[in-house]
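Notes follow once the structure below has been shown.
Derivation of every value follows stated rules applied to the coordinates shown; laboratory data play no part. On a predicted model such as this, the values are computed, not experimentally measured, just so you know. Heads up, the Cβs are rebuilt from the backbone with ideal geometry, glycines too, and the neighbour counts pull from every protein chain shown.
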Amino acid sequence: MNEPDFITALRALPLHPGARGLQDDCAVLEIGGETLILTHDMMAEGTHFREGADMADVAWKLVATNLSDLAAKGAEPVGVLLGHMLGRDDARFLEGLHAALCEFNVPLLGGDTVAGTGLRSFGLTAIGRATHTPVPPRSGAKAGDHLYLTGPVGRAMLGFEGVPEHLAAFNRPSPRLAEGQALAPYVSAMMDVSDGLLLDSWRMAQASGLTFALDRQAIPVADPARLDDCIRWGDDYELLFTAPAAAALPVPAHRIGIVTSVAAAPLLLGDEPLSDPATLGFQHG
């Protein structure tokens, strides 16, 4: 069973309204006078990090990727819960975990530790507090909105390939927490770019029931000569969002397209309709 099929099957299970139909990367829970944002991400050896990777970088990235989901909801982090599989260089993992928690001012709340054999995997649950309600969904884009990206894509790809100035983008990304909190009152839909700009744009367009028309020339990329690779590779953790055309955005962002009524496909790249998500970015399975 691949990732989309598995998620579709999960939707047949009892879901809390805060799960938003499993169309968002986070759950949104209203408790008392607070709105809590919860997310959980995993990292697996051989998929998210190489065998022999510096475990300090692995720990940092585990924290950063989860906090990036909170950023897309405009949330302020409250704390994290760690699922850790014991193995090589656990001391280095702890060093990276400490560095990330201090860098992003996020405390550890608890978690679980297990021993195992074979390839390692780690999980992290991040809990945040909404700084603005309604909390931005993936599904809120409206026809006529403009589509924006907070920064260039493709830097993580180049870092993975060993380009020195982009190593940090792959090994130790920075979630756009401040930008997400600033943007939350202005956006109609928002998510982070983790699986590739094209695929994540397709997902947000489909969730909104509209078409996103991307302007190839307007998309900021780390290597213009490899634009097609940059917009498919993923792991960039920039924020992708829609906002009304007249919105005065509080942070710098690149306008990369426009939201239209349903056209030939959920996504247009220039004049080219893109309808098959399997060709647009990274999916498990």
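Among the listed values [x] 248; [y] 123; [z] 137, the one matching volume of the Cα convex hull per residue in Å³ as calculated from this structure is [z].
Applying a DSSP loop filter and a limit of 10 other Cβ atoms within 10 Å to the chymotrypsin sites (Phe, Trp or Tyr not before Pro) in the stretch 154-190 leaves nothing. When only the Cβ of Lys, Arg, Asp and Glu is charged (+1, +1, -1, -1), the dipole of the chain relative to its Cα centre reaches about 500 debye. Between Pro273, Pro220, Pro244, the residue with the greatest mean-square fluctuation in the GNM of the chain (Cα pairs under 10 Å linked by springs) is Pro273. Ordered by the number of other Cβ atoms lying within 10 Å of each residue's own Cβ, fewest first, Arg138, Arg232 fall into the sequence Arg232, Arg138.
Relative contact order for the chain: what percent, with Cα pairs under 8 Å and sequence separation of 6 or more? Dividing the mean separation by the residue count of the chain yields 21 percent. Along the chain, the longest continuous region that contains none of the GluC sites (Glu not before Pro) in a DSSP loop with at most 14 other C-beta atoms within 10 Å is 162-285. Averaging the Cα positions of each part gives two centres, and for the stretch 214-284 and the stretch 78-108 these lie 32 Å apart. Calculate how steeply helix 55-71 sits against the longest principal axis of the alpha-carbon atoms of the chain, using the helix alpha-carbon long axis, and give the answer as 0 to 90 degrees to the nearest 10. Between the helix axis and the principal axis of the chain, the angle is about 40 degrees.
Taking the longest Cα principal axis of the chain as reference, the axis of helix 90-103 is set at about 50 degrees. Just want the answer: with Cβ charges of +1 for Lys and Arg and -1 for Asp and Glu, which residue in Ala178, Val259, Leu274 is farthest toward the dipole's positive end in the stretch 147-285? The residue sitting most towards the positive pole is Ala178. Only helical runs count toward this figure. For the chain, summing -39,500 (n - 2.57) over DSSP H runs of n ≥ 4 and dividing by all residues gives -7500 deg cm²/dmol at 222 nm.
Neighbour counts of C-beta atoms inside 10 Å place Asp57, Asp236, Asp89 in the sequence Asp89, Asp57, Asp236, starting with the fewest.
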